[in-house]
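Worksheet: the structure to be examined is printed underneath.
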Amino acid sequence: SASADGVKVWEAATGQELLTLKGHTGITSRAFFSVAFSPDGQRLASASFDKTVKVWDAATGQESLTLKGHTSGVTSVAFSPDGQRLASAGSDKTIKVWSVTTGQELLALTGHTDWVNSVAFSPDGQRLASASGMLYSRNPCEVKVWDAATGQELLTLKGHTDTVNSVAFSPDGQRLASASRDKTVKVWDAVTG
């Protein structure tokens, strides 16, 4: 969980607090937007309003990487299924893909016209989905699907009438769900749109 005190790691069975991860700057009640465990559970990533993504050792709480490149708050993070890459989405209207080993920025995806609120890898790691929109904005609220290796935009899915807050692929990667402030959840064919 994330709070003004930092990112907290809890024992799911007992509710006992195991770690508090501190290192992001400008901590406020809105400082953190997203956290994600790596598939092997060894790492934890956190997205912050301070424009950075931090990667932590999930057992010790030691910070292993600080990823800088977004020009405003980072809203969402997601590990690739193999745990080698990390995608981050930002209020700067971009998605970035990073190497978790080196911290190098591998891709910068542009094309959204508003905040990118959520990002998700497909189960095979070959595609990324992103959701955009901002409260009271006149920009389109949309979902995009990208090639996770090249950054090529594959699909733009339109139909929501307000901010799209979250996206998730089905386990077989054939469908994509999106949740919106317009009070709907849409399920899309992730290949054809």
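The values are calculated or read from the model by the stated rules, or taken from the named source; none is laboratory data. Small disclaimer: the values here were computed from a predicted structure and weren't measured. Cβ sites come from the backbone with ideal geometry, for glycine too, and all protein chains shown count toward neighbours. These accessible areas exclude ligands, DNA and RNA; they are computed on the full protein's heavy atoms, side chains included. Shrake-Rupley method; radii C 1.70, N 1.55, O 1.52, S 1.80 Å.
Here is a check on your reading of the model: is Q62 closer than 23 Å to A149 by Cα, over 12 Å from the mean Cα position of the chain (by Cα) and surrounded by fewer than 17 Cβ atoms within 10 Å (Cβ to Cβ)?
Considered against the rule, which asks whether it is closer than 23 Å to A149 by Cα, over 12 Å from the mean Cα position of the chain (by Cα) and surrounded by fewer than 17 Cβ atoms within 10 Å (Cβ to Cβ), Q62 comes out as no.
The single condition from (1) charged (D, E, K, R); (2) buried (at least 19 other Cβ atoms within 10 Å of the Cβ); (3) at pLDDT 90 or above that D57 fails is (2). Does region 65-86 hold any residues that are of a type in the set (D, E, K, R) and either open to solvent by less than 30 Å² (accessible area, probe 1.4 Å) or part of a loop (DSSP other than H, G, I, E, B) (or both), and which are they? Matches in region 65-86: D82 only.
Given the structure, is S46 modelled with pLDDT under 95 and either over 11 Å from the mean Cα position of the chain (by Cα) or not in a strand (DSSP E or B) (or both)?
Against the criterion (modelled with pLDDT under 95 and either over 11 Å from the mean Cα position of the chain (by Cα) or not in a strand (DSSP E or B) (or both)), S46 does not qualify.
For region 39-53, check the following and say yes or no: at least one residue is out of contact with any Lys or Arg (no Cβ under 9 Å at 6 or more places or on another chain), in contact (Cβ under 8 Å) with a residue 40 or more places away in the chain and open to solvent by less than 50 Å² (accessible area, probe 1.4 Å). The answer is no; no qualifying residue exists.
Within region 148-176, if we keep just the residues that are open to solvent by less than 40 Å² (accessible area, probe 1.4 Å) and assigned to a strand (DSSP E or B), the residue that is farthest from N117 (Cα to Cα) turns out to be L155.
Kindly establish whether Q16 is under 25 Å from G103 (Cα atoms), open to solvent by 50 Å² or more (accessible area, probe 1.4 Å) and modelled with pLDDT of 65 or more. In short, no. Scanning region 104-132 for residues being more than 11 Å from the chain's Cα centre (by Cα) and open to solvent by less than 20 Å² (accessible area, probe 1.4 Å) gives a total of 6.
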